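To start, the structure itself, in structure tokens.
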Amino acid sequence: DTAVSQTPKYLVTQMGNDKSIKCEQNLGHDTMYWYKQDSKKFLKIMFSYNNKELIINETVPNRFSPKSPDKAHLNLHINSLELGDSAVYFCASSRPPNYGYTFGSGTRLTVV
Amino acid sequence: GENVEQHPSTLSVQEGDSAVIKCTYSDSASNYFPWYKQELGKGPQLIIDIRSNVGEKKDQRIAVTLNKTAKHFSLHITETQPEDSAVYFCAKQFNNDMRFGAGTRLTVKP
């Protein structure tokens, strides 16, 4: 059983399109996150949800909108995709506070 | 106060040698310090963590040390093997999320 699963694994799309990435965790964790990893491997927090409520929204363009229908799911919708959005996006979950994260395997987004 | 500095950015060792990666931070509130290993094409995986009430923790060939006074913590890998080759990230809890170091690419040469 995959603990944190993301789909799709790869996403290639044109500039200006709208796309979504889905994430589901079966660990019973209360908190879920989206991280962006750039080409230099730097991991940057984007959003954090605790029991379906947004608790962190870093300086991310309004084109990015997370949605959490229940505490096991956190989806990421991106409008009007730009070249600079190309990166690997990781979903993660944890039991806060001060517990390790379980990451998904990532979604490699390429905007052309 | 939220950033974590990680060194070195790349590290190459011979199989069987030890590898040490060090991270420093500036705030005093953090009390949880995990380390993650990221293999090619995969997500980061928690390999060991330490809380501020202890100074060292070991798990087989890996160990983590924490110096809260000096605000640094280190990952030690002994008897390295080629499968240890990966990118390693230190992290620390910051408010409601985790802040990561920039990563260390470890290469173990057979």
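Observations
- For the peptides A:45-53, B:14-22, B:97-105, the ranking by mean Cβ contacts within 10 Å, running from highest to lowest, is B:97-105, A:45-53, B:14-22.
- Largest first, the three principal axis extents of the alpha carbons in chain A are 37, 27, 26 Å in whole numbers.
- Of interest is the spacing of the C-alpha centroids, which for the range B:69-110 and the range A:45-66 amounts to 26 Å.
- Difference of contour (0.36 nm per residue) and Cα-Cα distance, residue B:7 to residue B:79: 23.9 nm
- Using a cutoff of 8 angstrom between alpha carbon atoms and counting only pairs six or more residues apart, the relative contact order for chain A works out to 37 percent.
- Within 10 Å of the Cβ of each residue in B:45-54, the mean number of Cβ atoms contributed by other protein chains is 2.
- Here the 3J(HN,Hα) profile of the range B:42-58, calculated from phi with Karplus coefficients 6.51, -1.76 and 1.60 at θ = phi - 60°, is 10, x, x, 10, 5, 10, 6, 9, 9, 10, 5, 8, 10, x, 8, 9, 10 Hz, Gly and Pro shown as x.
- In the B-A interface, the accessible area buried, summed over both sides, Å² (probe 1.4 Å): 1700
- Magnitude of the charge dipole for chain B, about its Cα centre and with charges confined to Cβ atoms of Lys, Arg (+1) and Asp, Glu (-1), is about 200 debye.
- Gaussian network model of chain A, springs between alpha carbon atoms under 10 Å - residue of A:17, A:57, A:79 with greatest fluctuation: A:17
- Inter-site label distance for residue B:31 and residue B:96 at 7 Å from Cα along Cβ, in nm: 2.0
- Dipole of chain A, positive direction: furthest Cα of A:87, A:77, A:61, with charges on the beta-carbon: A:87
- The H on the amide N of residue B:15, modeled in the peptide plane, is under 5 Å from the matching H of B:109, each at least 5 residues off or on a different chain.
- Each residue, residue B:68 and residue A:27, gets one label point 7 Å from its Cα in the Cβ direction; the gap between the two is 2.5 nm.
- To put it simply, the accessible area of the range B:48-87 at a 1.4 Å probe is 45 percent carbon and sulfur.
- Comparing mean-square fluctuations of A:14, A:37, A:25 from a GNM of chain A with C-alpha springs under 10 Å, the top value falls on A:14.
- Of B:13, B:87, B:64, the residue with the greatest mean-square motion in the GNM of chain B, using alpha carbon springs below 10 Å, is B:13.
- Counting Lys and Arg as +1 and Asp and Glu as -1 over every other residue whose Cβ lies under 9 Å from the Cβ of residue B:63, the net charge comes to +1.
The values are calculated or read from the model by the stated rules, or taken from the named source; none is laboratory data. Since the structure is predicted, the reported quantities are computational estimates derived from the model, not experimental observations. In this analysis, Cβ positions are derived from the backbone assuming ideal geometry, glycine residues included, and neighbour counts consider all displayed protein chains. Just so you know, the surface numbers come from the protein's heavy atoms only, side chains and all, with ligands and any DNA or RNA stripped out. Shrake-Rupley method; radii C 1.70, N 1.55, O 1.52, S 1.80 Å.
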